[in-house]
Amino acid sequence: MNRRTGERKNRLERGHGHGERMFLEQVWWKMFGHLDDLHPEYEVADWRGRPYFIDFVWKPGQVKFAIEVKGYGPHVQNMDRTRYRQELNRETFLQIGGFRVVAVPYDDLEVNPELTISLLKSLLTPSLVMNSEGESFARLEREIILIAIRSDGFIRPTDLVQELGVNYRTVIRHVKSLCEKGKLKPIIAGESSKVCRYEYIHSFKDSQLW
């Protein structure tokens, strides 16, 4: 608060609403046990140049996530067409600005915070893993890691071709690079020497993230 002025400071002084507090207590603190790299009431300019405040922005390194707690009433039920359109345009503009937008349902925080925790773990783990190791990963390598985590640790090159929209040679090149970096391991099919899929390697650092 000492570093902020104007509306930025006013919002911090007024404090979070009930939904934002529940998110911190029931989800974020249970996942991390600290608030490092998490910025409340983060100010950005929208596509019209007007100031807009995001509930939370998480910036652990080069990536940045815009996290907003959304209740059904203010964000759907009580919203007219103009506000609804502006909301969607704002989310698109945030993504143009390099933010990954995460909408957290208020109702889940009340009745099923474990679901939110599970979804956030799957979404945030690749960023945590790569930041913790200080390794340089290409964009497609990050996507492959994310897909592997979503697929219970196993991926097939043929599936990556369709999901990433790139050719087979490109997939194999990045998969081999991840094998060299110790993030993937080839799985031999039966008694043959053919590799049909790869396994995501959870390092010791990975296990300490949660």
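Computing the accessible area with a 1.4 Å probe over protein heavy atoms, can you report the carbon and sulfur percentage for the chain? Provide the component values of the computation, followed by the final result.
Numbers: 6050 of 12660 Å².
Taking all protein chains in place, the chain shows 48 percent carbon and sulfur surface.
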task: Using a cut-off of 15 Å between beta-carbons, work out the net charge of the residues near Arg197 (Lys and Arg +1, Asp and Glu -1, Arg197 not included).
output: +2
- prompt: Which ³J(HN,Hα) values in Hz, rounded to whole numbers, follow from the phi angles of segment 12-24 under the Karplus curve 6.51 cos²θ - 1.76 cosθ + 1.60, where θ = phi - 60° and Gly and Pro get x?
  reply: 5, 5, 5, x, 6, x, 4, x, 5, 5, 4, 4, 5
task: Provide the per-residue ³J(HN,Hα) series for segment 81-93, in order, calculated from phi with Karplus coefficients 6.51, -1.76, 1.60 and θ = phi - 60°, each as a whole number of Hz, with x at glycine and proline positions.
output: 5, 5, 5, 5, 4, 5, 4, 5, 5, 5, 5, 5, 5
- request: Take segment 1-121, drop everything but the C-alpha atoms, weight them equally and run the Debye formula without solvent; then report log10 I(q)/I(0) at 0.22 Å⁻¹ to two decimals.
  value: -1.55
Globularity ratio of the chain, using Cα Rg and 2.2 N^0.38 Å: 1.20
message: Ordering Leu178, Leu164 by accessible area with a probe of 1.4 Å, largest first, what comes out?
response: Leu164, Leu178
- prompt: Can you give me the relative contact order of the chain as a percent, contacts being Cα pairs under 8 Å and 6 or more apart?
  reply: 15 percent
query: Could you give the accessible area per residue of the chain, probe 1.4 Å, as a whole number in Å²?
result: 60 Å²
task: Only helical DSSP H runs with n ≥ 4 go in: add -39500 (n - 2.57) per run for the chain, normalise by residue count and round the 222 nm mean residue ellipticity to 500 deg cm²/dmol.
output: -13500 deg cm²/dmol
Nearest-10 value in Å² for the accessible area of Lys70, using the 1.4 Å probe: 40 Å²
statement: In degrees, nearest 10, the alpha-carbon axis of helix 168-180 is tilted away from the dominant principal axis of the alpha carbons of the chain by 90 degrees
- request: Using amide H atoms built 1.01 Å from N in the peptide plane, name the residues 5+ places from Lys64, or on other chains, whose amide H lies under 5 Å from its own.
  value: Arg100
- line: Heavy-atom accessible area of Met1, protein chains in place, probe 1.4 angstrom, given in Å² to nearest 10, is 110 Å²
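The values are calculated or read from the model by the stated rules, or taken from the named source; none is laboratory data. Predicted model only: the values in this text are computed from it and were never measured. Every residue, glycine as well, gets a Cβ built from its backbone with ideal geometry; the counts of neighbours run over all protein chains shown. We work out accessible area using only protein heavy atoms, side chains counted, and drop any ligands, DNA or RNA first. Shrake-Rupley method; radii C 1.70, N 1.55, O 1.52, S 1.80 Å.
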